[in-house]
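The values are calculated or read from the model by the stated rules, or taken from the named source; none is laboratory data. Quantities reported herein were computed from a predicted structural model and do not represent experimental measurements. Glycine gets a Cβ as well: all are built from the backbone with ideal geometry, and neighbour counts include every protein chain shown.
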Amino acid sequence: MITKNRDKGKDRGKEFMDAFRELGKEKGITPEVIFDAIEAALISAYKRNFSSAQNVRVSLDRTTGSYHVYAIKTIVETVENDITEIALAEARQIKADYEAGDILEIEVTPANFGRIAAQTAKQVVVQRIREAERGIIYEEFSNRESDIVTGIVQRIEVKNVFIDLGKTEAVLTPSEQIVGEEYNHGDRIKAYIIEVKKTPKGPQILVSRTHPGLLKRLFELEVPEIHDGTVEIKSVAREPGMRSKIAVFSKDENVDPVGSCVGHKGMRVQAIVDELRNEKIDIVKWNADFAKYIANALSPAKVVSVAVNEEEKVSRVVVPDYQLSLAIGKEGQNARLAAKLTGWKIDIKSESQAANDMLDASMNVVEVTSDEPFIVEGE
């Protein structure tokens, strides 16, 4: 009868080990992490219930699930603490060649340890699995900073929007939300990962709807020519929810960079406009010639000439009188975005204003005709 019970115990232990392996595989955790957690749990259980002062080691059989608890003692000439030390004479009764300073392990597995160990092990294993899962999620998303994620709005708390990403959730704080954009439970949205933090409760993923990188990544997803490297996004300037400018360049002279971004009947860019809830987007052609590039950046305004000081990155742009307000834009928005896009300070004058002004001698005046931009506005 005793033999049968032992056999049942061995079978049960093996079943546990197999179950832990399967659990680890399912959660993406290596079996060794699981087994280390079990050993840590058994040490914790033993110290709490039998001897908190002892230094112990637990040996767990990875196949059968059987375990043994060993007290770790230092061999000394004279014992001062019998919990952590053992006399040399006593140690030599176990093994004759022991010397002072050696470490001796003595089995101290309690007879009634099984039930307590199982309960404690279960709690600690569950905790360790949770920690390992958090670690895996952190590694996955920390490698995706500056990337786009798609999720579903789960809830809104104190103006923070929590987005369900499947394995975890992301937080869209008020400062990263587009002004005037509404978020409702169940909405499917795309957001840009700006930071992934480690916290005691797991990874915290901070996302943005206002970052210029969101616009850049949306174009990379929608435009195959950008994805394969034929067309390059040189610069992005954005005032979220209002208007953006994006400068593109083609490495293949047979490929129109603006047309590639627009797509057939504007379908590619329209998908991005829809995602950004009708944000206006100007797609302009990048040019190595600074004067030409600045002229393009000021679209939809037509430019007569551009004077540039390359050393100070300052330019003066002349536009027809009737185009001045268009070049500057509402509350200076067009000029402001063009400056962000190019990285140049831009001073805009009408033809009549320019005729009365003296031009800085350091500036080189270039008459330009801007390339035809593509401008899409939300409905």
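Counting only residues that are without any contact (Cβ under 8 Å) to a residue 60 or more places away in the chain and surrounded by fewer than 21 Cβ atoms within 10 Å (Cβ to Cβ), region 211-224 holds 6 of them.
Considering region 268-292, the residues that are among the small types (Gly, Ala, Ser) and in a helix (DSSP H, G or I) include one that is surrounded by the fewest Cβ atoms within 10 Å (Cβ to Cβ), namely ALA271. The one condition from (1) surrounded by fewer than 19 Cβ atoms within 10 Å (Cβ to Cβ); (2) polar (S, T, N, Q); (3) in contact (Cβ under 8 Å) with a residue 12 or more places away in the chain that THR199 does not meet is (3). If the condition is being surrounded by 10 or more Cβ atoms within 10 Å (Cβ to Cβ) and within 19 Å of the chain's Cα centre (by Cα), then region 170-187 contributes ALA170, VAL171, LEU172, THR173, PRO174, GLU176, GLN177.
Residue-wise test of (1) closer than 19 Å to ARG217 by Cα; (2) in the same structural domain as PRO31 (by TED's automatic domain parsing); (3) part of a loop (DSSP other than H, G, I, E, B); (4) of a type in the set (Gly, Ala, Ser).
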site	(1), (2), (3), (4)
THR120	no, yes, no, no
GLN123	no, yes, no, no
ARG128	no, yes, no, no
GLU139	no, no, no, no
SER146	yes, no, yes, yes
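Being free of Cβ contacts under 8 Å to residues at least 60 places away in the same chain, among the aromatic types (Phe, Trp, Tyr) and part of a strand (DSSP E or B) is a property that TYR98 lacks.
The criterion of at least 2 residues that are more than 19 Å from ASN287 (Cβ to Cβ) is met by the following strands (runs of 3 or more DSSP E) wholly inside region 299-353: 345-350. If you go through region 26-76 and keep only what is aliphatic (A, V, I, L, M), assigned to a strand (DSSP E or B), within 41 Å of the chain's Cα centre (by Cα) and under 18 Å from PHE16 (Cβ atoms), you end up with VAL58, LEU60.
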